[in-house]
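A.B. asks: Before I ask anything, let me first share the structure, which is written out below as structure tokens.
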Amino acid sequence: MSVSGLLCILLAGPCSVWCEQREDAPAVTAGFELGASATDISHRPTKIYVNSDLVVIPVTVTDGKGRVVNGLQKEHFALFEDKVEQEITHFAPEEAPASIGLVVDTSDSMGPKLQKAREAVAALLNNANPEDEFFLTQFNDRAQLVVTLTTQTEEIRRHVAMMQTAGSTALMDAVMVALNEMRNAHYTRKAIIIISDGEDNASHCSVRELKEAVRDADVLIYAIGIASSSVFDQGWPPQRLTGSALLNEIATHTGGRLFEVNRLKQLPDIASKISAWLRNQYVLAYTSSNKKDSRFHHIQVKIKKPNGFPRLHAFWRLGYYAPSE
């Protein structure tokens, strides 16, 4: 692998970096029923079909130490599309179950890191919502769907414990396999979590194809980068847009972020933090007052900090593509 020590976590949710608001796109029909309460929204395990004009924006709010901040209400948020304030018509602050895909790199260079990767997976499972469902994909020269969507986490743990390393890295192919399995998800909150230590060097899928697939599937992406000083000396992000740079770009646009760590022992804690971020999002929705067209619409979220709250940081997807009328 051309970059050593990179672990990336990619989460898919009801938002997308390249989200195209099609009539059948999950981002448009994700998780809200007109007139439904926040409680109804958070606990329904079945798909809910709604007005296709609804734009759904999950927002993660943290304090300065990256801890999730709960307790905010609808009136504490202001949402803008193309600098025009929009009326937030639906608001769901509660924790909700998710469909989560675990995508684990088992290429040769993962040998000394595999045990910590297993611990990171265990942390994600241990901190999951009891109603969450999971699937498992592993990859080296090729990507394999090892466990289909299930609520039986022991099946996931058993297969992760048996993993062995060999071969090169087909990271983008693995994401495509995971996105395909995610079509069977029962929840509107979706996460694809990739654990890898290097640049893609074996995929048949292109960067363009991956971006298009991510756009159509509504993915929320987080990345954890573990790199030696020699990697950072080359500049960050690296010039080759097939590994960390690609995931960093997508993460930023989807409302995720890149975590940079120096020690493998930090991985379980970072995985636990990401699990908490995924479970405790504020979900805002609105019907755009702007004209429908095929261009990219920029989203901005502002928080009106209540008295007694610490300094707040918000993460949300930066925009979406809408169909023209």
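The values are calculated or read from the model by the stated rules, or taken from the named source; none is laboratory data. From a predicted model like this one, the values you see are computed outputs, not experimental measurements. Ideal geometry is used to build each Cβ from the backbone, glycine not excepted, and the neighbour counts take in all protein chains shown.
A.B. asks: Do any residues in segment 257-272 that are within 12 Å of residue 113 (Cα to Cα) have Cβ atoms under 6 Å from those of residues that are modelled with pLDDT of 85 or more, where the two are at least six apart or on different chains, and which pairs are they?
C.D. replies: 264/116; 267/116; 267/120
A.B. asks: Then there is this: Sort out which residues of segment 149-181 are farther than 15 Å from residue 99 by Cα, of a type in the set (Gly, Ala, Ser) and crowded, with 21+ Cβ neighbours inside 10 Å, and write them in order of number.
C.D. replies: Of everything in segment 149-181, those that are farther than 15 Å from residue 99 by Cα, of a type in the set (Gly, Ala, Ser) and crowded, with 21+ Cβ neighbours inside 10 Å turn out to be 170, 174.
A.B. asks: So which residues in segment 60-96 are among the aliphatic types (A, V, I, L, M) and either assigned to a loop (DSSP other than H, G, I, E, B) or farther than 30 Å from residue 150 by Cβ (or both)?
C.D. replies: 61, 69, 72, 78, 79, 84, 88, 96, listed by residue number.
A.B. asks: Would you pick out the residues in segment 157-213 that are of a type in the set (S, T, N, Q) and over 22 Å from residue 277 (Cα atoms)?
C.D. replies: 164, 165, 168, 169, 180, 184, 201, 203, 206
A.B. asks: Restricting to segment 190-209, name every residue that is in contact with a helix residue (DSSP H, G or I) (Cβ under 7 Å, 6 or more places away or on another chain) and more than 21 Å from residue 146 (Cα to Cα).
C.D. replies: Within segment 190-209, 198, 207 meet the criteria.
A.B. asks: For segment 307-325, enumerate the residues that are in a loop (DSSP other than H, G, I, E, B), at pLDDT 85 or above, of a type outside the set (A, V, I, L, M) and within 14 Å of residue 61 (Cα to Cα).
C.D. replies: Passing the criteria: 309, 310, 311.
A.B. asks: I'd like to check something: does segment 44-59 contain any residue that is among the aromatic types (Phe, Trp, Tyr) and part of a loop (DSSP other than H, G, I, E, B)?
C.D. replies: yes
A.B. asks: Of the conditions (1) of a type outside the set (Phe, Trp, Tyr); (2) at pLDDT below 95; (3) under 20 Å from residue 206 (Cβ atoms), residue 143 satisfies every one except a single condition; which number is it?
C.D. replies: Evaluating residue 143 over (1) of a type outside the set (Phe, Trp, Tyr); (2) at pLDDT below 95; (3) under 20 Å from residue 206 (Cβ atoms) leaves (2) as the failure.
A.B. asks: Picking from 273, 292, 304, which residue would you name as being surrounded by fewer than 16 Cβ atoms within 10 Å (Cβ to Cβ) and at pLDDT 85 or above?
C.D. replies: 304
A.B. asks: Follow-up question, since we're still on this one. Give the residues of segment 77-90 that are of a type outside the set (Lys, Arg) and surrounded by fewer than 18 Cβ atoms within 10 Å (Cβ to Cβ), sorted by residue number.
C.D. replies: Scanning segment 77-90 gives 78, 80, 82, 84, 85, 87, 88, 89.
A.B. asks: Here's something else I'd like to know. Under 7 Å by Cβ, and 6 or more places apart or on different chains, what pairs join a residue from segment 209-231 that is closer than 18 Å to residue 117 by Cβ with one that is modelled with pLDDT of 75 or more and among the β-branched types (Val, Ile, Thr)?
C.D. replies: Note: pairs meeting the criteria are 222/274; 224/270.
A.B. asks: Same structure, new question: Those residues that are more than 19 Å from residue 256 (Cβ to Cβ), at pLDDT below 90 and aliphatic (A, V, I, L, M), I need them from segment 53-91; list them, please.
C.D. replies: Scanning segment 53-91 gives a single hit, 54.
A.B. asks: Let me ask another. Could you list, in sequence order, all residues of segment 254-267 that are surrounded by fewer than 19 Cβ atoms within 10 Å (Cβ to Cβ) and not in a strand (DSSP E or B)?
C.D. replies: 262, 263, 264, 265, 266
A.B. asks: If you go through segment 97-128 one residue at a time, how many are assigned to a loop (DSSP other than H, G, I, E, B), surrounded by fewer than 23 Cβ atoms within 10 Å (Cβ to Cβ) and either in contact with a helix residue (DSSP H, G or I) (Cβ under 6 Å, 6 or more places away or on another chain) or aliphatic (A, V, I, L, M) (or both)?
C.D. replies: The total comes to 2.
A.B. asks: Hey, could you check segment 194-217 for residues that are of a type in the set (A, V, I, L, M) and either under 17 Å from residue 256 (Cβ atoms) or within 14 Å of the chain's Cα centre (by Cα) (or both) and say which is surrounded by the most Cβ atoms within 10 Å (Cβ to Cβ)?
C.D. replies: The qualifying residue surrounded by the most Cβ atoms within 10 Å (Cβ to Cβ) is 195.
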